[in-house]
1. Say each of residue 44 and residue 138 gets a label point 7 Å from the Cα, pointing the same way as Cα to Cβ; how far apart are those two points in nm?
2. At what distance in nm do the modelled label points of residue 111 and residue 78 sit from each other, each positioned 7 Å from its Cα along Cα→Cβ?
3. Once the Cβ-Cβ distance between residue 122 and residue 92 is put in as r, and R0 is 22 Å, what FRET efficiency do you end up with, to the nearest 0.05?
4. What FRET efficiency, computed as 1/(1 + (r/R0)^6) with R0 = 25 Å and r the Cβ-Cβ distance, is obtained for residue 131 and residue 30, rounded to the nearest 0.05?
């Protein structure tokens, strides 16, 4: 079964192999905002990364490259699982497919009111992937 997101770059699995993982330790990060709009919940992570001086330095390709370089793809998948666990524990009858809208990574240095898509990465991981990650994080590899 294919779990991947349409937004995941083909280089993502290789980038995971380059992570330095200790046998013990912590991963640090915070969900900047979990909010509800309409009937769906969303995650926003504000990013201050400097990608250049020109507006084009914050186009889709540059933002995706930054996402890959800094392991933000991994980060937002973990954030999505955390939000899914939280929402399912707080909302009776919560359903990911109906109530989770996705994640936004907003690179605020490149925001442009005239081009609302610039400097913003968005995705909504597939429910099957979120379920698989949830099982892995809760039950491990056993």
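1. The answer from the label model is 3.0 nm.
2. Roughly 2.6 nm, to one decimal.
3. Values: r = 28 Å, r/R0 = 1.27.
Efficiency, rounded to the nearest 0.05: 0.20.
4. Working: r = 24 Å, r/R0 = 0.96.
For R0 = 25 Å, the calculated efficiency reads 0.55.
No lab work stands behind these numbers, since they all come straight from the coordinates. All of these numbers come straight from a predicted model, not from anything done at the bench. Please note: Cβ atoms are built from the backbone with ideal geometry, for glycine as well, and neighbour counts cover all protein chains shown.
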